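Below is one structure, written out as structure tokens; comments come after it.
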Ligand SMILES: [Zn+2]
């Protein structure tokens with residue numbers, strides 16, 4: 001056994017805790033923490049209570065891609081995903097750091113636009129997982145050429161929710177919806 005092993009594991013341990021705290025502070029739910037760290041469930045629960053000052057909310061997010069494809073949700077998801085892909089091409093970051101950085105930039109962008117953030121941190125994490133698993137992709141809008149989160153096989157006449165808002169869009173114009181005009 002090498003003498004460096006214990007020191008290394010202590011270092012890894014503190015790195016895992018640091019990462020868990022960062023994720024909890026971003027509002028991550030338990031499933032994110034379990035996926036992105038190697039800490040035990042019990043350990044994570046204790047950390048969560050310590051950092052968030054309350055017990056984590058129970059229940060899992062529905063395992064469905066539908067949410068990300070609905071009108072406004074899709075625009076928010078696309079905004080986040082474009083930031084995430086852009087960042088991933090730059091400096092090498094670990095997945096949890098990349099997610100956190102992209103999510104912070106998404107929040108900044110949303111604040112500038114003056115609307116409420118629809119995409120939660122946990123949903124952003126789930127979106128990245130769906131993209132990684134090839135269950136969702138990005139397709140260019142045939143009108144504005146922007147890249148939008150979509151199903152895998154959109155046709156070439158695909159138009160995004162900004163260029164082609166649904167009929168109900170008019171009603172929510174003043175309710176913090178993202179539109180082109
Ligand atoms: Zn468009």
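Values in this text are rule-based calculations from the coordinates and carry no lab data. This structure is a prediction, so every number in the text was calculated from the model and none was measured. For neighbour counting, all protein chains shown are included, and Cβ atoms are generated from backbone atoms with ideal geometry for every residue, glycine included.
Here are some notes:
- Principal-axis tilt of helix 121-132 within the chain, Cα atoms, nearest 10 degrees: 80 degrees
- Computed label-point distance, nm, for sites residue 35 and residue 152 using a 7 Å Cα→Cβ extension: 1.9 nm
- Helix 5-25 and the long axis of the chain differ in direction by around 40°, with both axes built from C-alpha atoms.
- Segment residue 159-residue 135, extension gain: residue separation times 0.36 nm, minus the distance between their alpha carbons: 6.7 nm
- Normalised per residue, the volume of the convex hull around the Cα set of the stretch 5-52 (Å³): 65 Å³
- Whole-angstrom Cα spans of the chain along principal axes, big to small: 64, 34, 29
- Nearest 10 degrees, 0 to 90: helix 71-88 Cα axis against the chain principal axis: 50 degrees
- Computed [θ] at 222 nm, deg cm²/dmol, the chain (DSSP H ≥ 4; -39,500 (n - 2.57); rounded to nearest 500): -16500 deg cm²/dmol
- Legend: ranking of residues 157, 76 from fewest to most surrounding C-beta atoms inside 10 Å; resulting order 157, 76.
- For the stretch 38-131, the relative contact order works out to 25 percent when only alpha carbon pairs closer than 8 Å and six or more residues apart are counted.
- Computed over the chain: relative contact order in percent, which uses C-alpha pairs under 8 Å that are six or more apart: 20 percent
- Whole-angstrom Cα spans of the stretch 66-172 along principal axes, big to small: 40, 32, 22
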